[in-house]
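The values are calculated or read from the model by the stated rules, or taken from the named source; none is laboratory data. This structure is a prediction, so every number in the text was calculated from the model and none was measured. Note that each Cβ is placed from the backbone with ideal geometry, even for glycine, and that neighbours are counted across all protein chains shown.
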Amino acid sequence: MTIFIASLFLPYTVNFNLPENKLRRRSSSPRRRHNRHGSSELSKKTLSLFHQRRPSGPSSRPSLKDHSRIFAPPESQAGKSQGEHGFPFPSDISLHRLAPSDPHSPAWGTRGTFNQPTAQTPAPPSSSILKHGVTAEKAPPMLKKMQSHITRAEPVVEEAPSFTEASWDIVPSEQGNGGLRNAVLSAIDANHLTDMFWVGTLGMPTDALDEHTRNEIAEKLEVDHESLTVYVDDNDLDAHYLHFCKTILWPVFHYQIPDNPKSKAYEDHSWVYYVTVNQAFADRIIRNWKRGDVIWIHDYHLLLVPGMIRKALPDAQIGFFLHVAFPSSEVFRCLAVREELIYGILGANLIGFQANEYCHHFLQTCSRILSVEATNKGVQLEDRFVDVGTFPIGINPKFLDLRRRGPDVAEWIRIIKARYQGKYLIVARDKLDNIRGVRQKLLAYELFLNKYPQWRDKVVLIQVASSTTSEQSELDATVSDIATRVNSIHSSLAHQPLIFLKQDIMFSQYLALITVANVLMVTSLREGMNLTSHEFIHCQDGKYSDTKHGSLILSEFTGSASLFDGHPFLVNPWDYQQCAEALNTALELSPEQRERNWVKLNNAVNEHTTAIWFKSFTEALSKVWNEQACRDSIAIPRLSVSNLTAKYRESSRRLFILDYEGTLASWGSPTSIVLITPQRAIDTLNELVEDPKNIVYLMSSRMPEEMERLFRRVSGLGLIAENGCFVRENQAEGWVKLVNSDETKAWKDGVSDMMKYFCERTEGSWIEERHASLVFHYANCEDQVTAERHAAECANHINDTCEGSQIRAIPIDGAVIVEPFSPNKATAANVVFEGIQKRMNNGDVNLDFLLVIGDGREDEVVLRWANKLHENNTIKNVETVTLGSKNTEAMATLTQGVTGM
């Protein structure tokens, strides 16, 4: 069994060995473009995924210059092997053994210093929504004329070396998900993973390579590095990543709608590229997949891949894990392609999230946007069930300890401690973007210094603000102004309270910083999981420094906050007062209290390591895939009437539990008192009941009085009304109530008001009140699109509001029914069964035949109940049957529907 692990970037890329005189020479003159009047002007720089961006140097502000120089990479290291952050690895540590855990590290989206081809500058989105996203070939005549006047950047005329003739080496990539790589290494180290293939792109331009070179690189990666290379056009990958992923999905997933006057983030401009890249991944996996293999897709770059693979490989075992946050349904529904993205994710058998909050948001989104039933365990689609769960990723303590033992880390610890001797160090490391909360952190720190002057000469905040692939000029200017203001007000000749490093730092420097820090401050406005906080906790064990048990100040909007529940320093980054107070309290804590806090956090870190994450997800995927395969419509055989007849005849005591609507009779008006059951079914029921060996029960969503009227001509028939809330035994006159009337009235009062709100806004809808349930009907509405949307919102609102009331709103065809979780049809069936068993204990005959037939989702619980009786050998012969072809718990199917029944 092979596991295919698909992520946008492979953990490897290619470095070409070019002679010095063959290196690309760039033109020294500025690139120019021509406007429609023929005049030239300097072209604006187009940001590209493949733009070779060096770590930014020290800040130009004099007050920061000396401190920035401390963390600058030593010149002597130039040209040595570089790791994910551009840091030199010690010779005793393999390049393949460690990556920074943060999946969106500062080096994300950069090329580093490798010799690689350069992509042509792609055309930026047009400033007009009428012009963007239309190619010249497909444009209508009028738009073609308009496009002829659109200014475009001319390709850079450069003397290009021949990469197809150069030798090359496979080297560790500087891009990608470090946390995922560490998890895979942990799984290999723990023998949880023996056969796997990475699937991803090289993270470099490949259009300049000929077919032969591409094939050689792909073959080398596949044979020597267990990696399948996905080749896509440079422009496709660039538009996929920087346009759709970074300007559309990334902001929306982090609660920032790209809807401001300066935004050119039109979704359909880059949607076609997103689809193209996802399809390339799906095709690559499909070509190499064999029965029994496992496919595991990672992160928001590849949301469509599970659905694409599912179409081609219906019985494949597919997992999907989202490493970032998932927003609430109100935010996600702003995406124009929301349904396509959700259906793409739902192609998986198991969908994993970092925290329960994200899991809940996804289920809520499916219910609201797709109008499907979403339970705590997953999403019920028409043809199958998709499991959803929480699997928080962690760090690799073993490999982190290996890296901490390096002499370079020890040297940086010595340098930092000597430079800031006698100071309390507050450390922060973030991307400089609108999501990581750097601005909020600096403002909170400024308030802290103003409010607690006793700390002004004693504390230093070292803020590492790493560069990003996105232009954040306004944010850059804002945080720089705050840093300048803080230092101008609170600095002295001997002390500078804020060290603002707008640069990437080496990983050894980072480890040294979090080892000697007294406080780590994380103020992300939204983050899937902050593994920097985990690494800080682990490095505060005191093994390599006398500074230990430092305090963690963590934003409550990170996934890690859910793991550290109850931690006293979980803060709202927008509440500057709370953050300032948390800083003061953290610095004042006694060593004993700091140790108690650290021990609790460290236990949580060790309980959620990369090895545990990998093992728990893959085991859960295998389990749910086996369960789903058993319920798959392809795996369910047709009912053998001859075998059923044989079991019927050899049995001595039989129980029938049959659904009514949709099974014995076609659906009619729920309030109709006219008997619509076919006469043939009535005659058959009478014949069954007349046999003393048979006990027959009918299940329905109708109320007890309706059931009595409908089946008054079948004497001795047992009835189960309102989906299990009421039971009338086959030889009894009265009904047994399985619901609590007071509890029912309590939730009905609130739910009915919610339903009335949506009913008033949905013309043609109406509310039916039953004894133990409420139904919102909209089947007769003229505007079905609006009615379905209102029904989905109604169900979603009720499920959210009444989460602790043990009731649920279930979307069904043309209606939403609100009923209690329990009792249900399985509860009622068990009451019937126990009553029969009790009566039979006084005789010599045992129940040895059970037939349960249903057609809808509400029947699955009783089918499951019957199957358990069969598995436990409680009843000798058990047959569970469903009508039609669907994902089901039944052991057989009747494809002829009501007629076949």
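Looking across Leu554, Leu639, Leu621, one residue alone is of a type outside the set (Ser, Thr, Tyr), closer than 30 Å to Glu411 by Cβ and touching a strand residue (DSSP E or B) at 6+ places or on another chain (Cβ under 8 Å). It is Leu554. Inspection of the range 144-164 finds no residue satisfying the criterion of being surrounded by fewer than 14 Cβ atoms within 10 Å (Cβ to Cβ) and modelled with pLDDT of 75 or more.
Here is the figure for the range 304-344: residues that are touching a strand residue (DSSP E or B) at 6+ places or on another chain (Cβ under 7 Å) and over 17 Å from Thr618 (Cα atoms) total 5.
Looking only at the range 471-498, residues that are crowded, with 24+ Cβ neighbours inside 10 Å and either at positive phi or in a strand (DSSP E or B) (or both) come to 1 in all. Could you tell me which residue of the range 863-889 is surrounded by the fewest Cβ atoms within 10 Å (Cβ to Cβ), considering only residues that are among the charged types (D, E, K, R) and touching a residue at least 60 places away in the same chain (Cβ under 8 Å)? Per the stated criteria, the residue is Lys876. Are any residues in the range 660-678 modelled with pLDDT of 80 or more and more than 20 Å from His771 (Cα to Cα), and if so, which ones? Passing the criteria: Gly662, Thr663, Leu664. Check whether at least one residue in the range 517-539 is assigned by TED's automatic domain parsing to the domain that holds Ile415, touching a helix residue (DSSP H, G or I) at 6+ places or on another chain (Cβ under 6 Å), among the aromatic types (Phe, Trp, Tyr) and over 14 Å from Ala444 (Cβ atoms), and report yes or no. The answer is yes; a qualifying residue exists. Among the residues of the range 712-724, those that are in contact (Cβ under 8 Å) with a residue 12 or more places away in the chain and more than 21 Å from Thr827 (Cβ to Cβ) comprise Arg713, Val714, Ser715, Gly716.
Does at least one position in the range 814-830 carry a residue that is in a helix (DSSP H, G or I), touching a Leu at 6+ places or on another chain (Cβ under 7 Å), surrounded by fewer than 23 Cβ atoms within 10 Å (Cβ to Cβ) and at pLDDT 90 or above? Looking for residues that are in a helix (DSSP H, G or I), touching a Leu at 6+ places or on another chain (Cβ under 7 Å), surrounded by fewer than 23 Cβ atoms within 10 Å (Cβ to Cβ) and at pLDDT 90 or above, one finds at least one in the range 814-830, hence yes. The number of residues in the range 290-348 that are closer than 26 Å to Asn799 by Cα and polar (S, T, N, Q) comes to 2. Tell me which residues, restricted to the range 868-896, are out of contact with any Pro (no Cβ under 8 Å at 6 or more places or on another chain), closer than 22 Å to Leu381 by Cα and not in a loop (DSSP other than H, G, I, E, B). Those that are out of contact with any Pro (no Cβ under 8 Å at 6 or more places or on another chain), closer than 22 Å to Leu381 by Cα and not in a loop (DSSP other than H, G, I, E, B): Thr880, Val881, Thr882, Leu883, Leu894.
Of all residue pairs spaced 6 or more apart or on separate chains, those with beta-carbon atoms under 6 Å, a first member in the range 725-741 that is among the polar types (S, T, N, Q) and a second member that is assigned to a strand (DSSP E or B) are Asn730/Ile695; Asn730/Gly718. Among helices (runs of 4 or more DSSP H) entirely within the range 276-393, having at least 2 residues that are basic (Lys, Arg) and either in contact with a helix residue (DSSP H, G or I) (Cβ under 6 Å, 6 or more places away or on another chain) or closer than 26 Å to Ala561 by Cα (or both) singles out no element at all. Filtered by the rule that a residue be assigned to a strand (DSSP E or B) and among the polar types (S, T, N, Q), the range 553-586 gives Ser555, Thr558. Out of curiosity, is Ile537 under 15 Å from Tyr424 (Cβ atoms) and modelled with pLDDT of 95 or more? Taking the combined requirement at face value, the residue does not satisfy it. Among the conditions (1) surrounded by 15 or more Cβ atoms within 10 Å (Cβ to Cβ); (2) within 19 Å of Ala561 (Cβ to Cβ); (3) of a type in the set (Val, Ile, Thr), Val599 misses just one, which is (1).
Here's the yes/no breakdown for (1) surrounded by 17 or more Cβ atoms within 10 Å (Cβ to Cβ); (2) part of a strand (DSSP E or B); (3) touching a strand residue (DSSP E or B) at 6+ places or on another chain (Cβ under 9 Å):
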site: Gln421; (1), (2), (3): no, no, no
site: Leu425; (1), (2), (3): yes, yes, yes
site: Arg439; (1), (2), (3): yes, no, no
site: Leu443; (1), (2), (3): yes, no, no
site: Phe448; (1), (2), (3): yes, no, yes
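For (1) modelled with pLDDT of 95 or more; (2) in the same structural domain as Ala410 (by TED's automatic domain parsing); (3) closer than 23 Å to Ala512 by Cβ, each residue gets a yes or a no:
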residue: Ser555; (1), (2), (3): yes, yes, no
residue: His567; (1), (2), (3): no, yes, no
residue: Trp598; (1), (2), (3): yes, yes, yes
residue: Trp625; (1), (2), (3): no, no, no
residue: Gln628; (1), (2), (3): no, no, no
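Looking only at the range 591-634, count every residue that is closer than 23 Å to Ile875 by Cβ and not basic (Lys, Arg) and tell me the total. Here the count works out to 2. Within the range 588-619, the residues that satisfy the criterion of being more than 24 Å from Ile295 (Cβ to Cβ) and among the acidic types (Asp, Glu) are Glu588, Glu592, Glu595, Glu607.
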